[in-house]
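Have a look at the structure below, then the notes.
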């Protein structure tokens, strides 16, 4: 569920290896990737994302992955034997360091909930040296001319929102509403001075959006139209878009929205 537009000329496949992992906060695990292929990787900033290939069952043929994940590439992926087909998941790059000591490095943050899903357990247990691959998908953040910026997200979209706040022009004004699972999951945001960043902590057992959607409904809107980037759990994102279009009369073209996951469905 998305209207995301990809800002990228040509998709490319990169082979990489795990350099390490560390627990950033109770629900966030950061995995660092490196390797010779990353010398040719062009980081676009903002919410630059990829399709990450995880060899979770061992023996996957990462070198046979398609270089692009269009229809042709997806069909090529499906033709790989199931026993050697890596799991593909979409992830945002949290940081890129072109001049790291041993070559370029990229960080990817994973939301982890024990043994739920595929990617979280992989990130929690993966060892240094493990092979991975990713298909570069470019940037989805595509602002239209607007009076201010509004970001709405849950913890799954924290890397995207953090990257957007980091790379926005310093004169940008607006709001960022970010809902997380635990107060300890709150991260330092490199936001422009005119961006009001509000963190909302979801209670145990509450559904995603329980806090951020009411905060959005209560938000005072100045005169003029915002450009909105909403990302996270599917119902949260559709709820935000519905409110903005119907109650706030924000033009649909001013809203980029993407559902990263759906509550009750493991990823």
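The values are calculated or read from the model by the stated rules, or taken from the named source; none is laboratory data. Keep in mind that what you see is a predicted model, and the values were worked out from it rather than measured. Reconstructed Cβ throughout: ideal geometry from the backbone, glycine too, with neighbour counts over all protein chains shown.
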Original post:
Here are some conditions: (1) in a strand (DSSP E or B); (2) at pLDDT below 95; (3) out of contact with any helix residue (DSSP H, G or I) (no Cβ under 9 Å at 6 or more places or on another chain). Residue 223 meets all but one. Which one does it not meet?
Top reply: (1)
Subject >> Breaking point among (1) part of a loop (DSSP other than H, G, I, E, B); (2) more than 18 Å from the chain's Cα centre (by Cα); (3) within 18 Å of residue 150 (Cα to Cα), for residue 203 >> reply: (3)
Original post:
Looking at 239, 232, which one is closer than 11 Å to residue 152 by Cβ and free of Cβ contacts under 8 Å to residues at least 40 places away in the same chain?
Top reply: 239
**OP:** Take segment 66-87 and flag every residue that is crowded, with 17+ Cβ neighbours inside 10 Å and part of a loop (DSSP other than H, G, I, E, B).
**Re:** 66, 68, 69, 85, 86
Original post:
Any residue in segment 153-163 that is over 18 Å from residue 17 (Cβ atoms) and outside any helix (DSSP H, G or I)?
Top reply: yes
Original post:
If you check 192, 169, 104, 145, which single one turns out to be touching a helix residue (DSSP H, G or I) at 6+ places or on another chain (Cβ under 7 Å) and more than 30 Å from residue 204 (Cα to Cα)?
Top reply: 104
Subject >> Scan of segment 91-102 for residues that are surrounded by 15 or more Cβ atoms within 10 Å (Cβ to Cβ) and either out of contact with any strand residue (DSSP E or B) (no Cβ under 8 Å at 6 or more places or on another chain) or closer than 17 Å to residue 133 by Cβ (or both), ordered by number >> reply: 91, 92, 93, 96
Original post:
Looking at segment 240-267, which of its residues are in a helix (DSSP H, G or I) and out of contact with any strand residue (DSSP E or B) (no Cβ under 9 Å at 6 or more places or on another chain)?
Top reply: 242, 243, 246, 252, 253
